[in-house]
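Derivation of every value follows stated rules applied to the coordinates shown; laboratory data play no part. Given the structure is predicted, the values throughout are model-derived calculations rather than measurements. Ideal geometry is used to build each Cβ from the backbone, glycine not excepted, and the neighbour counts take in all protein chains shown.
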């Protein structure tokens, strides 16, 4: 979650800074507002898989899976193998 929020806010701020820098005498505020508002919804949806995977990798690096957790995962997978969708 933290990675996603940081990435999304960072991308929106960079886009806003570039747009303002390119249109500095007459900044189209309403257009800029609509584009950035749309991006604030679209960017999190588009980057969610990547940021979720990255956060999972960070979590596994900081807190590795123990032997007990691996055994629990194996037993759960074996118990649910016969379930069909």
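Side notes on the structure shown:
- Being free of Cβ contacts under 8 Å to residues at least 12 places away in the same chain and assigned to a helix (DSSP H, G or I) holds for only one residue in 57, 40, and it is 57.
- Residues in the stretch 16-36 that are part of a helix (DSSP H, G or I) and surrounded by 11 or more Cβ atoms within 10 Å (Cβ to Cβ): 9 in all.
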